[in-house]
Amino acid sequence: MPETMPQTYASHRRYDPAFHVFTFGVLAISFGLAVWRTVRNPSFENAWWIVVAAAVLVLFFRVRGYALKVQDRIIRLEERLRLEKLLAEPLKSRIGDLGEGQLVGLRFAPDGEVADLVKEALDETLSCEEIKKRIKVWRPDTFRV
């Protein structure tokens, strides 16, 4: 899905209205209706629809979480390979010291900034968000989930 605006720290988060608004909205309303129906007309069948609606809501959040976790694992691999090519010693030998969040944050750093950011991330134990905020020229990631 191509993006029309350049990516920055302020605009890099992906928002999918079909998923975040429509799908979640339908599921939340369904849960609310199941509760309302059970309160108005208590029965095992109506109570069961609360359980079903709650299970679907849990599934909604878990599926999203699984997709993000897989994405983070791939980013970790991609960034380690990129850093192997870009970094000189002694930073190259410290790639394994970078945490998952740090590697995820570094994916937005252009090649020219990445060495300094890796050094700062390791020396100052920067978080993913702190790394992203220090990037001067944003390297867009348009394939994220």
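The values are calculated or read from the model by the stated rules, or taken from the named source; none is laboratory data. What you are looking at is a predicted structure, and each value in this text was computed from that prediction instead of being measured. Side chains are part of the model used for accessible areas, which takes the heavy atoms of the whole protein and leaves out ligands, DNA and RNA. Shrake-Rupley method; radii C 1.70, N 1.55, O 1.52, S 1.80 Å.
At each listed q (0.10, 0.20 Å⁻¹), what is the log10 of I(q)/I(0) that the Debye formula gives for the chain modelled as equal alpha-carbon point scatterers?
-0.51, -1.15
Quick check for you: with a 1.4 Å probe and neighbouring chains kept, what is the accessible area per residue of the chain, in Å²? Intermediate results must be reported in sequence, preceding the final value.
On the way: 9590 Å² over 145 residues.
Averaged over the residues of the chain, the accessible area is 66 Å².
I need to check one value: relative contact order of the chain, counting alpha carbon pairs closer than 8 Å and at least 6 residues apart, in percent. Show your work: numbers first, answer last.
Numbers: 115 pairs, mean separation 40.5, N = 145.
In percent, rounded to a whole number, it is 28.
With all protein chains present, how much of the accessible area of region 81-145 (probe radius 1.4 Å) comes from carbon and sulfur, to the nearest whole percent?
Working: 1900 of 3530 Å².
So the carbon and sulfur contribution to the accessible surface is 54 percent.
Using Stokes-Einstein with the Kirkwood hydrodynamic radius over Cα pairs, what translational diffusion coefficient do you get for region 103-145 at 25 °C and a viscosity of 0.890 mPa s, in µm²/s rounded to a whole number?
Working: Rh = 10.4 Å.
Here the translational diffusion coefficient equals 237 µm²/s.
In deg cm²/dmol, rounded to 500, what helix-only [θ] at 222 nm does the chain give when every DSSP H run of at least 4 residues adds -39500 (n - 2.57) and the total is split over its residues? Don't skip to the end; give the middle numbers.
Details: 5 runs with 88 residues, N = 145.
Calculated from helices alone, the mean residue ellipticity at 222 nm is -20500 deg cm²/dmol.
Wrap a convex hull around the Cα atoms of region 64-145, take a quarter of its surface area, and give that in square nanometres.
Values: hull surface 20.3 nm².
Value for region 64-145: 5.1 nm².
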